[in-house]
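First the structure, in the form of structure tokens, and then the observations on it.
The values are calculated or read from the model by the stated rules, or taken from the named source; none is laboratory data. Predicted, not measured: the structure shown is a model, and the values here were computed from it. Note: ideal-geometry Cβ built from the backbone for every residue, glycine included; neighbour counts use all protein chains shown.
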Amino acid sequence: MAAFPFRNVGLKFLSICIAGLLWLGVAGERVVERALRIPLEFQNVPASLELMGETPDSVDVRIRGSSGALARLGPGDLAALLDLGTARPGRRLFHLTVANVSAPYGVEVLQVAPSTLPIEFETSGVRVVPVRPAIEGEPAPGYEVVGVVAEPATVDVVGPESALARLTDAITEPVSVAGLAAPVREVVTVGVSDPRVRLRVPRSAQVTVSIAPIATARDVEDVPVAVMNLADGLRGRVEPAGVRVTLRGAEARLDAVGAADLELFVDAAGLVAGTYTLPVQAASLPLVGVVETTPATVRVRLARP
């Protein structure tokens, strides 16, 4: 088949023009140099080590390329990569060269500063610490916080061994009890105050705060003391016959308790006739506690009729 060199001559001429314009555009760009600050990334950090102190997160580089290529650079196009796979505990020096910098095509890295990086490493450890809930505010007048429970009660914390040795607990977001007269339960985030350590697994905790009326004390006078577990044929006589009992609990409940509601006794189990000094014991009362009896012991005379 015969060739027709002048077929589509217009398209061929247009292609030659476009190619020429592109060549002129590239050839006309100036080669320039520029100084930049680029991010520094660490690779292959041993799992058994922790980076200590303030490690650098960027370095300075000097690059060269056409003005157009440098103008098209965007964030993340250049980064310095440092391999820490050979790190050991202690203060170590790492060289940083142009080979550590990744750059796009057409951009040449001329220099990196600093050329040597001192980095300190410490052995990593794990410690189990209790969760200490943070409580904020004051309950309603006449009420108080009587108990705080966190679930889970402990968490695993990871970090440098020196920092773990000084860590006493993990903290939570504050739970507000301001103006409350009833228990409160909230799910809050758990964290640590030392920035050098971290939770092994991010955790939340359910914190339960118990709130109750403020306990007050009240004395009940002349409460009789009974003798329990007397042997057959024995009778007991207590001196003094009545003692003072100090109670503690919510004021409203204390007001409802009288001497007749209290059961005080001494235990004469296994004792024969004679005179003894025995401790005064009290039967438990719902929601009211017996703090003490005055006197704490009484004289007990055991005899046959």
Problem - Cross-chain or 6+ apart pairs with Cβ under 9 Å, segment 234-250 first and more than 30 Å from ILE214 (Cα to Cα), then at pLDDT 90 or above and among the acidic types (Asp, Glu) - result: PRO240/ASP222; ALA241/ASP222
Exercise for the section: Report yes if some residue within segment 184-201 is among the charged types (D, E, K, R), more than 24 Å from VAL300 (Cβ to Cβ), in a strand (DSSP E or B) and not assigned by TED's automatic domain parsing to the domain that holds GLU136; otherwise report no. Expected result: no
Practice task
Return yes or no: is GLU138 under 15 Å from ILE211 (Cα atoms) and at pLDDT below 95?
Solution key: yes
Exercise for the section: Only one of these is polar (S, T, N, Q) and touching a helix residue (DSSP H, G or I) at 6+ places or on another chain (Cβ under 9 Å): SER58, SER102, SER66. Name it. Expected result: SER66
Practice task
State whether the residues of segment 136-153 include one that is among the charged types (D, E, K, R) and under 29 Å from GLY53 (Cβ atoms).
Solution key: no
Fill in the blank from the handout: Within segment 240-262, the residues that are buried (at least 16 other Cβ atoms within 10 Å of the Cβ) and part of a loop (DSSP other than H, G, I, E, B) are VAL257, LEU262
Exercise for the section: Kindly indicate whether any position in segment 132-143 is under 30 Å from ALA165 (Cβ atoms), surrounded by fewer than 12 Cβ atoms within 10 Å (Cβ to Cβ) and not aliphatic (A, V, I, L, M). Expected result: yes
Completion exercise
If we keep only residues of segment 217-239 that are outside any loop (DSSP other than H, G, I, E, B) and surrounded by 15 or more Cβ atoms within 10 Å (Cβ to Cβ), then the residue farthest from the chain's Cα centre (by Cα) is GLY236
Exercise for the section: Output yes when any residue across segment 115-134 is in a helix (DSSP H, G or I) and either on the phi > 0 side of the Ramachandran plot or not assigned by TED's automatic domain parsing to the domain that holds GLY249 (or both), and no when none is. Expected result: no
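Please indicate, with yes or no, whether at least one residue in segment 184-198 is out of contact with any strand residue (DSSP E or B) (no Cβ under 8 Å at 6 or more places or on another chain) and either under 30 Å from ALA252 (Cβ atoms) or modelled with pLDDT of 95 or more (or both).
no
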Practice task
Could you please tell me which pairs satisfy a Cβ distance under 6 Å, a separation of 6+ or placement on different chains, a first residue in segment 270-289 that is over 16 Å from ARG244 (Cα atoms), and a second residue that is of a type in the set (Ser, Thr, Tyr)?
Solution key: THR277/THR297
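Evaluate segment 203-214: report whether one residue or more is farther than 23 Å from TYR143 by Cα and outside any loop (DSSP other than H, G, I, E, B).
yes
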Exercise for the section: Return a yes/no flag: does segment 113-124 have any residue that is of a type in the set (Phe, Trp, Tyr) and either in contact (Cβ under 8 Å) with a residue 60 or more places away in the chain or touching a strand residue (DSSP E or B) at 6+ places or on another chain (Cβ under 9 Å) (or both). Expected result: yes
Completion exercise
When THR172 is run through (1) outside any strand (DSSP E or B); (2) among the polar types (S, T, N, Q); (3) surrounded by 17 or more Cβ atoms within 10 Å (Cβ to Cβ), the failure sits at (1)
